[in-house]
1. Return the pairs, sorted by first residue and then second, in which the second residue is more than 10 Å from ligand 2 (Cβ to nearest atom) and in a loop (DSSP other than H, G, I, E, B), the first residue lies in the stretch 331-351 and is over 21 Å from ILE398 (Cα atoms) and assigned by TED's automatic domain parsing to the domain that holds SER408, the beta carbons are less than 7 Å apart, and the residues are 6+ apart or on different chains.
2. Under 21 Å from MET410 (Cα atoms) and either within 15 Å of ligand 1 (Cβ to nearest atom) or out of contact with any His (no Cβ under 6 Å at 6 or more places or on another chain) (or both): is that true of LEU335 in this structure?
3. Examine the stretch 362-377 for a residue that is more than 16 Å from ligand 1 (Cβ to nearest atom) and either of a type outside the set (A, V, I, L, M, F, W, C) or assigned by TED's automatic domain parsing to the domain that holds ASP271 (or both), and state whether such a residue exists.
4. If THR386 satisfies all but one of (1) surrounded by fewer than 21 Cβ atoms within 10 Å (Cβ to Cβ); (2) away from ligand 1 (no atom under 12 Å from the Cβ), what's the number of the condition it fails?
5. For the stretch 414-425, give me the residue count where each residue is within 11 Å of ligand 1 (Cβ to nearest atom) and under 22 Å from MET203 (Cα atoms).
6. When MET323 is evaluated against the numbered criteria (1) touching a residue at least 24 places away in the same chain (Cβ under 8 Å); (2) of a type in the set (A, V, I, L, M, F, W, C); (3) within 16 Å of ligand 2 (Cβ to nearest atom), which criterion, by number, is the only one it fails?
7. Would you check if there is a residue in the stretch 343-357 being of a type in the set (A, V, I, L, M) and either within 16 Å of ligand 2 (Cβ to nearest atom) or not in a strand (DSSP E or B) (or both)?
8. If you take the residues in the stretch 338-360 that are loosely packed, with under 15 Cβ neighbours inside 10 Å and within 23 Å of THR386 (Cβ to Cβ), which one is nearest to ligand 1 (Cβ to nearest atom)?
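The values are calculated or read from the model by the stated rules, or taken from the named source; none is laboratory data. Quantities reported herein were computed from a predicted structural model and do not represent experimental measurements. In this analysis, Cβ positions are derived from the backbone assuming ideal geometry, glycine residues included, and neighbour counts consider all displayed protein chains. Just so you know, the surface numbers come from the protein's heavy atoms only, side chains and all, with ligands and any DNA or RNA stripped out. Shrake-Rupley method; radii C 1.70, N 1.55, O 1.52, S 1.80 Å.
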Amino acid sequence: MNIPTSKPEGDLYPKLRLLVLFRILFASILLGSTVILQLSEDAALSSKPLLILYGLIAGILILSLVYAVMLPRIRRVTLFAFVQIAVDTIVVTLIVFATGGYLSFFSFLYLVVIIYSSVLLNRRGSMVMAVVCGLQYSMMIGLEHYGILIPLGLEGHPLPLEYEWSRILYKVMFTVLACFAVAFLSGFLAEQTRRTRGELKDMEDHVKRVEKLASMGEMAAGLAHEIKNPLASLAGSIQILKEELSYSPENHKLMQIVLRETDRLNSLVSDFLLFAKPPQGNLEKVKLDRALEETLELFEKGSAYADRISIKRQLLPDIWVEMDPVHLRQVLWNLLLNASEAIEGRGTIIVTMSSHRARKVSIAVADTGVGIPEACLKNIYDPFFTTKTRGTGLGLSIVHRIIESYASRMDVESEPGIGTTFRFRLNRVYPKGA
Ligand code: ADP
Ligand code: MG
């Protein structure tokens, strides 16, 4: 399974659109409250801070318009998001400046910007924004403190340079720290959400696969059953004919072909039935390393691949699962067969057991084979999907059906040219006296 920590690029467009709306909303609220303030305090429209505020509101609205027009034409969305957010930090600094600088209660807006930056950018991006915000704020307060900038709207208030130096430092440090803490926390949460969404997507794919297989299976199972009976009579009749007919090398060859092909058809149909209607398993408590080892030895002895493929194992002792041993053998056998077929020339298969939690054990079969192209990955569990000239495409669909009947699922990771790993998990059991 490729845990896709879903690429942020793809869903950045709708988020940016939302951000534009959010800015317009914010500008409207700011406009409303400024008008109310102006009316209630009966301030002249020409007062400098009010003019600046109105100017800023107009600026935000114009910028929003520009963004909205540009958005559909932009290719490098991440960069675009970065620029927008950087501009936002400057706007916030201007708002803070216009509403009293050191005394402004709008400094919390920095935190809002950082929060949505972590949704739009990655973690590093929101940290950069925290630095940018912190720098702007502390520079502005510093300049005010030394009297270089005179904050607006402070008529009647004491100027910040009359405050104690330590109190200013305290406030600046507190704000900057808050910026970093928020960047860290919201970045962490955003990452978490992205990962969860990736896992959810995997689950969804799995469920779709199961539904598809189940419906295909039911339909075809009936048909396969019907094929088995005539096939058996066909093979029987040929056997009898073979004995009755006078011997000729020509006839013998033809009969041989018929028998071989009926055999092939028969095993195909049996395999297919196994996929379509896996027999109810006989649950047994199985000592996993022993069961795996048995199948591995059988495979090493019985297969045509033994001389060019070495099988390594990393098994854990004393781990038990409840499973039909026949199922376990079928799963492992199919995975080993596929792995061997994927290896051209010499290669290695590694069978690994791992158990990081007390209730689960994970089994992985990794090969150094040709790998699976990305485009094939979603099809490999489909019945009859094969890339081999003599393949049936049933192996993995059977494996999938079996594993799914144990309320687990198959995961695959593959890198073309390097190799493939199939993995599944089983529930551990703890038999008494074991
Ligand atoms: P078959 O082996 O008959 O082709 P399977 O269902 O077992 O059918 O596998 C389906 C397809 O998945 C294979 O044809 C192959 O393309 C791909 N595949 C399965 N296992 C591996 C593997 N270990 N390495 C590379 N490709 C694999
Ligand atoms: Mg196969």
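1. ILE343/THR368; ILE343/GLY369; GLU344/VAL370; GLY345/ARG308; ARG346/ARG308; GLY347/THR368; GLY347/GLY369; THR348/THR368
2. Considered against the rule, which asks whether it is under 21 Å from MET410 (Cα atoms) and either within 15 Å of ligand 1 (Cβ to nearest atom) or out of contact with any His (no Cβ under 6 Å at 6 or more places or on another chain) (or both), LEU335 comes out as yes.
3. Yes: one or more hits.
4. The single condition THR386 does not satisfy is (2).
5. The number of residues fulfilling the criteria is 5.
6. Only one criterion in (1) touching a residue at least 24 places away in the same chain (Cβ under 8 Å); (2) of a type in the set (A, V, I, L, M, F, W, C); (3) within 16 Å of ligand 2 (Cβ to nearest atom) is unmet by MET323, namely (3).
7. yes
8. Per the criteria, the residue is GLU344.
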